[in-house]
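Some notes on the structure that comes next.
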Amino acid sequence: MNTAHRYPESAMVDPPRVLVVEDDRRIANLLERALFKAGYRVDVALDGNAALAAAEAAAPDAVVLDVMLPGLDGLEVARRLRARGGVPILMLTALDAVGDRVRGLDAGADDYLVKPFAIEEFLARVRALLRRLQVNAIHRRQGVLAYQDLEVNQDTREAKRGGHPLELRPKEFELLTYFMRNPERVLSRREIFEEVWDYDPNYLGDSNVIEVTVGQLRRELESCGPRLIHTVRSAGYVLREGP
């Protein structure tokens with residue numbers, strides 16, 4: 001089942017379109033009302049197949065995607081959406097284990113939010129995803145960054161280490177780019193949260209999305225050489241040679 005609302009044309013020109021994929025009608029209705037009130041056009045899909053059909057019919061600017069869906073689950077929907085392009089995906093999950101979050105990021109999600117959550121934080125996450133999309137569009141031509149045997153092409157969104165291509169998910173690429181712009185400087189968890197995820201620090205809470213994403217990025221980088229991203233206890237992370 002699909003429903004769609006269009007914000008009145010007199011209110012704003014082409015407001016962002018958000019696709020909500022959630023099989024719990026109560027939660028879907030709550031998110032739909034909150035997004036609509038915040039000024040977004042909203043499409044709602046109650047299962048994975050309906051989500052893919054809705055995205056095909058009207059390309060969303062962001063997708064809010066529940067993991068546990070009947071039939072085609074949220075992870076497979078995320079993979080298929082990611083194969084089509086770079087639409088930002090916020091994954092909703094009732095599963096709080098790190099492994100479950102990793103699977104969501106592996107499937108192509110940019111971020112995740114664990115149920116139950118506050119509507120204010122939910123809306124902040126959606127705003128951040130859309131802001132990041134706008135910033136990337138404005139600054140498309142940014143050139144190549146290099147550090148040691150790492151190379152990041154910000155225009156083509158390709159990364160290499162020692163000449164070997166790196167397979168990075170969107171948020172891992174953005175995180176590596178941020179490290180490359182600030183080599184050998186310790187970056188606090190707060191800084192990374194604000195600059196890479198573009199979130200209000202008030203919503204930092206106990207989210208471990210940074211740790212999960214750093215772990216995934218490290219694994220890919222270390223498949224081609226020694227560790228370059230190091231943890232500085234009680235301070236943050238740093239891109240540098242050696243320990």
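The values are calculated or read from the model by the stated rules, or taken from the named source; none is laboratory data. Because the structure is a prediction, the values reported are computed rather than measured. Cβ sites come from the backbone with ideal geometry, for glycine too, and all protein chains shown count toward neighbours.
Here the condition is being surrounded by fewer than 19 Cβ atoms within 10 Å (Cβ to Cβ), in contact with a helix residue (DSSP H, G or I) (Cβ under 7 Å, 6 or more places away or on another chain) and in a helix (DSSP H, G or I); of 194, 167, 172, it holds for 194 alone.
The residues of the stretch 60-89 that are in contact with a helix residue (DSSP H, G or I) (Cβ under 9 Å, 6 or more places away or on another chain), within 24 Å of residue 168 (Cα to Cα) and aliphatic (A, V, I, L, M), listed by number, are 62, 63, 64, 65, 67, 75, 77, 78, 81, 87, 89. For the stretch 33-50, residues that are under 16 Å from residue 82 (Cβ atoms) and at pLDDT 95 or above total 0. Taken as a whole, the stretch 216-223 holds no residue that is loosely packed, with under 15 Cβ neighbours inside 10 Å, under 16 Å from residue 190 (Cβ atoms) and of a type in the set (Lys, Arg). The residues of the stretch 194-241 that are modelled with pLDDT of 85 or more and under 23 Å from residue 93 (Cα atoms), listed by number, are 196, 210, 211, 212, 213, 214, 215, 216, 217.
Considering the stretch 206-243, the residues that are touching a strand residue (DSSP E or B) at 6+ places or on another chain (Cβ under 7 Å), of a type in the set (A, V, I, L, M, F, W, C) and part of a helix (DSSP H, G or I) include one that is farthest from residue 101 (Cα to Cα), namely 221. Contact map, the stretch 103-126: residues that are closer than 16 Å to residue 28 by Cα paired with residues that are part of a loop (DSSP other than H, G, I, E, B) and among the hydrophobic types (A, V, I, L, M, F, W, C), Cβ distance under 7 Å, separation 6+ or inter-chain. Pairs shown: 115/94; 123/38. So, residue 92, is that one under 16 Å from residue 169 (Cβ atoms) and among the hydrophobic types (A, V, I, L, M, F, W, C) or not? So residue 92 does not fit the description; no. Contact annotation: residue pairs with Cβ atoms under 7 Å, 6 or more positions apart or on different chains, pairing a residue in the stretch 223-241 that is under 17 Å from residue 173 (Cα atoms) with a partner that is small (Gly, Ala, Ser) and part of a loop (DSSP other than H, G, I, E, B), are 224/162.
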